[in-house]
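Have a look at the structure below before the remarks.
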Amino acid sequence: MLHNQIDLEFAEREAWALRRQRGIPNNRRLWVLACMDERLPVEDALGLRLGDAHVFRNAGGLVTDDAIRSAMLTTQFFGTKEIIIVNHTECGMMSATGEYLEEILRSKGIDPDKVEIDPAIPRLKLPKGGFPKWIRTFSDVDETCLRQVDLLRNSPLIPKDVLVHGYVWEVESMKLRRPDTRLGERVNTAKAMAARG
Ligand SMILES: [Zn+2]
């Protein structure tokens, strides 16, 4: 009967809308940290559909204070049991140093030592010369990915039974891989030569 169907749809919509109030976790009990880059289709890469995961994206896919804040909330309060970090090749965070970015900002009349980094906490300022550390550009995506995994695994705010894994998305092949498994790097880079001795 039609009214039964309408009632069922209403109940489903209500359950969807009130998930958080009712303590229902996302479908996969998953939190994803990924770079904001438009070449990284994070949902497609991980096979995620609407409702499956909490997804946090920032420049680089780095474990910043707000990433930890969000990871803490999802794992401690919203039933999340697994974390996946996705960094990617050709990331913009590898294209310049923090010192260079600071120089550009200063040339635009912005002093990174004086700027408010969180409007809700006006007293929160970067220590003098702290901008490069805060902006956190990097030079090796594999190393960075492994480091982010460690940072979350060792964070006192994340429960110890939460699984944390990292992947690198290759923008050139449009595929995910584990960090430190790039064939090209193992065969023809100075790093690979040094490792072989
Ligand atoms: Zn990026």
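Computed from the coordinates by the stated procedures, all read-outs in this text should not be read as laboratory data. This one's a predicted model, so the numbers in the text were calculated from it and none came from an experiment. All Cβ positions, glycine included, derive from the backbone under ideal geometry; neighbour counts span all protein chains shown.
Applying 1/(1 + (r/R0)^6) with R0 = 35 Å to the Cβ-Cβ distance of Ser95 and Lys160 gives a FRET efficiency near 0.45. So which lysines pass the test for Lys125, namely a Cα distance under 26 Å, with those fewer than 8 places away in the same chain ruled out? Cα-Cα hits under 26 Å: Lys108, Lys114, Lys133. With an a/c value of 1.5 or above and a/b not larger than b/c for the gyration tensor axes a ≥ b ≥ c computed over the alpha-carbon atoms, region 75-158 is described as oblate. Along its three principal directions, the equivalent ellipsoid of the chain from the Cα gyration tensor extends over semi-axes of 35, 25, 16 Å, largest first.
Gain on full extension, evaluated as 0.36 nm per residue between Phe78 and Glu116 minus their Cα-Cα distance, stands at 10.7 nm.
Computed extension gain for Asn58 through Leu124, at 0.36 nm per residue and net of the alpha carbon distance, reaches 21.8 nm. Full extension of the segment from Arg39 to Asp65, taken as 0.36 nm per residue of separation minus the current Cα-Cα distance, would add 6.9 nm. With a Förster radius of 45 Å applied to the C-beta separation of Arg177 and Glu9, the computed FRET efficiency comes to 0.60. The calculated FRET efficiency for Arg153 paired with Ala17, based on their beta-carbon distance and R0 = 30 Å, is about 0.35. A simple count of charges around Gly109, restricted to other residues whose Cβ falls under 14 Å of its Cβ and scoring Lys, Arg +1 and Asp, Glu -1, yields -1.
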